[in-house]
Amino acid sequence: MESFQKSILLPLILTAALPGLGFCYSITKGPENATVLAGSEARFNCTVSAGWKVLIWLSQGSPVLTVISSQGSVETTERFTSHNYTTGDEFTSELIILNTQLSDSGRIECSIQKPSENNFAFLSVQVNGSLLIKNSTLTVRENQTVEIVCEALGWAPAPDITWMTNDSLIDKSSYVTQQSPGSHGLHNALSTLTLTPTDTELLTCLADIEALPSPQNATVTLIFDNSATENDYSEDSRSTWVIVLAVVLSFLGIVLLVVVIVVAVRCCLKRRGSTYQNEIRKVSAEKKKDGDLVNRQRNGSENLGYIPEELWNTEQSPGLPSMFSKFASPDDNLQITSVPKVRPQRRTDYLISPKKIRNVTLV
Ligand SMILES: *[C@@H]1O[C@H](CO)[C@@H](O)[C@H](O)[C@H]1NC(C)=O
Ligand SMILES: *[C@@H]1O[C@H](CO)[C@@H](O)[C@H](O)[C@H]1NC(C)=O
Ligand SMILES: *[C@@H]1O[C@H](CO)[C@@H](O)[C@H](O)[C@H]1NC(C)=O
Ligand SMILES: *[C@@H]1O[C@H](CO)[C@@H](O)[C@H](O)[C@H]1NC(C)=O
Ligand SMILES: *[C@@H]1O[C@H](CO)[C@@H](O)[C@H](O)[C@H]1NC(C)=O
Ligand SMILES: *[C@@H]1O[C@H](CO)[C@@H](O)[C@H](O)[C@H]1NC(C)=O
Ligand SMILES: *[C@@H]1O[C@H](CO)[C@@H](O)[C@H](O)[C@H]1NC(C)=O
Ligand SMILES: *[C@@H]1O[C@H](CO)[C@@H](O)[C@H](O)[C@H]1NC(C)=O
C-alpha cells in the first residue's frame, strides 16, 4: 500500500513541482500613489515575475482592465488603457487612465488572482480652481490698515493659501483663511490679509495643491501714497504759515508806510527849512552890502572915531540870523517866514537903535 501510495504521489509531486516553479510568480513591484490634475492622465505600473497568467487592474474595487499572459490586454472601459514592458523575465503592465475625473480618486489595485502584498496605491485627482484678489490696485496712506481679500473658488482639495509681498513670504499671523465647501465636491477658500503698509508693495496671493507644478497666483499692486498724506499735512501747515506771514507782513507794511510817511514829511519840512536858511543867508548878505554902504556914507559925514564901533556892530548883526538858524529847529525856521518884512525894520534899527545911541554916548 505504502509503495503504491508513493508511486502515485511521486508523479503527483513531480507534476506539481514542475509547474510549481511557474506558480511561484508574484508581484515584484506594485503601483505607487499618484496625484494628478483632473483632465490629465494617470499612470500606474505593476511588475510581475515570470509565470504569471493573468493581471487584473481594479479601480476602487472594480475591474477596469485585464491583461492575459497569452492574449495581451483586454480593454473594456473607454478611458482605461495599458502599455507593457518586459525586462528580462519580468513583465510590467502600465495602466493609463485618460481624462481623469475627480471621481477616479481612490484605490488602484493590481491583482494576479493570488494573495499578494503591496499591490495597491491611491490615485488623487485634484482640481485647479480659480484665484483672484477682489481688490484691484489699491492706494494706501500712511498708518492706514487695509484688508486684502483673496478668493479661491472650485478647488479640490481646498488649496493652501499663502501671501507674499514683493519676493518675501508674509507671516501666517497676518492673514486668516477660511475654507468652505463648494458645488460638485469642490472647495472654496477666502483669505483675508490685514496689513499696514509702509511702502509700495506687490502683493501676491498663492494657492497651492499637490498636483500643481507651481502655485497659482494672483497679484495686486498696493500703492503707498506717502505724498498724499504729507501734502495734506504740509498744505495745512503751509496755509497757516501763509496766514501768519500775511498778517505779519501786512503789519510790517503798515508800520513801514507810517515810517515812510513820517520820514517823507520830515524831509520835506527840512528841505523847506533849508530854502529858508538860504534865503536868510541871501538876505544877510544883502544886509552886509547895505550896511557897508551905510558905513561908507557915514564915513564921509560923521566922526572917524565912531566908525570902527559901528563896523563892529554891523559885522555882528548880520551874523545873528545865520547863527540863529544854525541852532534853530526847522519848526523855528518856520517862524522866520517874515524875514523880508523884518529887513526894513532892522535897517531902521541900525540907524536909530537904542544901541547906536548908547554907542554914541559912550564915545
Ligand atoms: C499613498 O496614499 C495613501 C492615502 O493617501 C497613504 O496612506 C499612503 O501612506 C501613501 N503611500 C505612500 C508610499 O506615500
Ligand atoms: C513604468 O515603467 C516604465 C518602464 O520602466 C517607465 O518607463 C514608466 O515611466 C513607468 N511608469 C510609471 C507611472 O512609473
Ligand atoms: C505588449 O504590448 C504589445 C504591443 O503593444 C502587444 O502586442 C502585446 O500583446 C502586449 N503583451 C501583453 C502580454 O500584454
Ligand atoms: C490652473 O488654472 C489657472 C487659471 O485657470 C491657469 O492659469 C493655470 O495654467 C492652471 N495650471 C495648470 C497646471 O493647469
Ligand atoms: C478689498 O475687498 C474686500 C472684498 O471686496 C473688501 O471687504 C475690503 O474692504 C477691500 N479692501 C480695501 C482696502 O478696499
Ligand atoms: C503714523 O503713526 C506714527 C506713530 O504712531 C506717527 O508718528 C505718525 O505721525 C503717524 N502719521 C500719520 C500721517 O498719521
Ligand atoms: C516692492 O517693490 C517696489 C517696486 O516693484 C518697490 O518700490 C518697493 O519699495 C518694494 N517694497 C518693499 C517693501 O521692498
Ligand atoms: C505667478 O504665476 C506666473 C505664471 O502664471 C509665474 O510666472 C510667476 O512666477 C508666479 N509668481 C509667483 C510669485 O509665484
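The values are calculated or read from the model by the stated rules, or taken from the named source; none is laboratory data. Keep in mind it's a predicted model, so treat the numbers as computed, not measured. As a convention, Cβ positions derive from the backbone with ideal geometry for all residues, glycine included, and neighbour counts pool all protein chains shown.
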Filter result (surrounded by 15 or more Cβ atoms within 10 Å (Cβ to Cβ) and not hydrophobic (A, V, I, L, M, F, W, C)) within segment 80-89: THR81, SER82
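Residues checked against (1) within 16 Å of ligand 6 (Cβ to nearest atom); (2) more than 26 Å from ALA38 (Cβ to Cβ); (3) hydrophobic (A, V, I, L, M, F, W, C); (4) without any contact (Cβ under 8 Å) to a residue 24 or more places away in the chain:
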residue: LEU153; (1), (2), (3), (4): no, no, yes, no
residue: SER174; (1), (2), (3), (4): no, yes, no, yes
residue: SER191; (1), (2), (3), (4): no, no, no, no
residue: THR198; (1), (2), (3), (4): yes, yes, no, no
residue: CYS205; (1), (2), (3), (4): no, no, yes, no
residue: SER214; (1), (2), (3), (4): no, no, no, yes
residue: ASP225; (1), (2), (3), (4): yes, yes, no, no
The condition from (1) crowded, with 21+ Cβ neighbours inside 10 Å; (2) of a type in the set (Phe, Trp, Tyr); (3) in the same structural domain as VAL54 (by TED's automatic domain parsing) that TRP155 misses is numbered (3)
Is it true that some residue in segment 148-158 is closer than 30 Å to VAL54 by Cβ and more than 16 Å from ligand 1 (Cβ to nearest atom)? no
Residues of segment 58-115 satisfying the condition of being of a type in the set (A, V, I, L, M, F, W, C) and in contact with an Asp or Glu (Cβ under 7 Å, 6 or more places away or on another chain): LEU58, LEU65, ILE96, ILE97, LEU98
Of all residues being among the charged types (D, E, K, R) and either more than 13 Å from PHE44 (Cβ to Cβ) or away from ligand 3 (no atom under 15 Å from the Cβ) (or both) in segment 90-113, which is surrounded by the fewest Cβ atoms within 10 Å (Cβ to Cβ)? Just the residue, please. ARG107
Collect the residues in segment 158-186 that are among the polar types (S, T, N, Q) and buried (at least 16 other Cβ atoms within 10 Å of the Cβ), keeping them in residue-number order. THR162, THR165, THR177, GLN179
Would you confirm whether any residue within segment 56-75 is acidic (Asp, Glu) and part of a loop (DSSP other than H, G, I, E, B)? no
Those residues of segment 159-207 that are polar (S, T, N, Q) and under 26 Å from ASP225 (Cα atoms) come to a total of 13
Determine which member of the set GLN178, GLN126 is modelled with pLDDT of 95 or more and within 30 Å of PRO31 (Cβ to Cβ). GLN126
Segment 188-216, residues that are among the β-branched types (Val, Ile, Thr) and within 18 Å of SER136 (Cβ to Cβ): THR192, THR200, THR204
The lone condition ILE8 fails out of (1) of a type in the set (A, V, I, L, M); (2) out of contact with any strand residue (DSSP E or B) (no Cβ under 9 Å at 6 or more places or on another chain); (3) modelled with pLDDT of 55 or more is (3)
Does THR100 satisfy being in contact with a strand residue (DSSP E or B) (Cβ under 8 Å, 6 or more places away or on another chain), modelled with pLDDT under 95 and under 29 Å from PRO157 (Cα atoms)? no
Residue, farthest from ligand 2 (Cβ to nearest atom), within segment 131-150, restricted to residues that are more than 12 Å from the chain's Cα centre (by Cα) and among the charged types (D, E, K, R): GLU147
